Amino acid sequence: MAPDSLGYPDSPVYSDSLTHTLVDSPIGPLTLVATSAGLSGVYLAEHRHGPDPSQLGTRDDTGFGPASAQLAEYFRGERSRFDLPLSPRGTPFQRRVWELLATVPYGRTWTYRQLAEAAGKPTAVRAVASANARNPLSIVVPCHRVVGSDGSLTGYAGGLARKRFLLDLEGSAT
């Protein structure tokens with residue numbers, strides 16, 4: 001199957017067995033989840049719309065070296081883009097929105113309206129916001145870079161304090 005622009009397989013294999021690990025970060029523990037095709041989740045503590053812990057698969061602290069290393073580099077300010085195979089689960093529309101999120105430059109923000117326009121759905125701001133809220137790859141696919149139309153911080157699955165931390169880390173002008 002040909003991958004899309006983020007390297008997601010056209011039809012992710014949902015029957016793949018999942019594995020997960022926990023890594024420390026300046027914003028609290030992160031739960032990393034993967035299939036054999038790639039990283040499928042980066043969840044923050046108290047993550048809204050996160051999976052039930054029973055759905056995370058077997059704990060495996062050995063298979064996440066590249067993801068853990070790249071996240072550590074990001075938090076040290078040494079990485080502005082991630083280079084990992086990704087395999088998120090989502091509808092085609094959600095995956096399109098997540099692809100667009102990956103194009104929001106480091107240190108910049110977009111509004112939900114800009115994201116909807118980039119998706120070719122300028123009147124679908126709420127649908128785009130919903131897809132953004134369900135992004136399973138927090139930080140790696142930077143949903144934290146989307147703000148309200150007036151530049152204000154609005155919802156973030158890990159809470160607004162974490163969103164502010166990430167935007168400050170990137171030097172965003174919000």
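Quick note: the coordinates plus some simple rules give every number you see, no bench work behind them. If you're wondering where the values come from, they're calculated on a predicted model, not measured in any experiment.
Would you mind computing the Rg to Rh ratio of region 92-170 from its alpha-carbon coordinates, Kirkwood style for Rh?
Numbers: Rg = 11.2 Å, Rh = 12.2 Å.
Computed over Cα atoms, the ratio is 0.92.
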(request) With θ set to phi - 60°, apply the Karplus curve 6.51 cos²θ - 1.76 cosθ + 1.60 along region 48-55 and write out the HN-Hα couplings as whole Hz, x wherever there is a Gly or Pro. (result) 5, 6, x, x, 5, x, 5, 9
(request) Show the residues, 5+ positions off or on another chain, whose built amide H is closer than 5 Å to the amide H of GLY41. (result) VAL33
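Over region 30-85, what number does the Rg to Rh ratio reach, with both radii from the alpha-carbon atoms and Rh per Kirkwood? Please list the in-between numbers first.
Numbers: Rg = 11.9 Å, Rh = 12.3 Å.
That ratio is 0.97, to two decimals.
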(message) Using 5 Å bins from zero, what percent of all Cα-Cα pairs in the chain falls into each bin?
(response) 1, 8, 18, 22, 22, 16, 8, 3, 0
(message) Through the Karplus equation 6.51 cos²θ - 1.76 cosθ + 1.60, θ set to phi - 60°, convert the phi angles of region 147-163 into ³J(HN,Hα) values in whole Hz; use x for Gly and Pro.
(response) 10, x, 4, 9, x, 6, 6, 10, x, 8, 4, x, x, 5, 5, 5, 4
(request) Quick one: work out the % antiparallel among DSSP beta bridges in the chain, nearest 5. (result) 65 percent
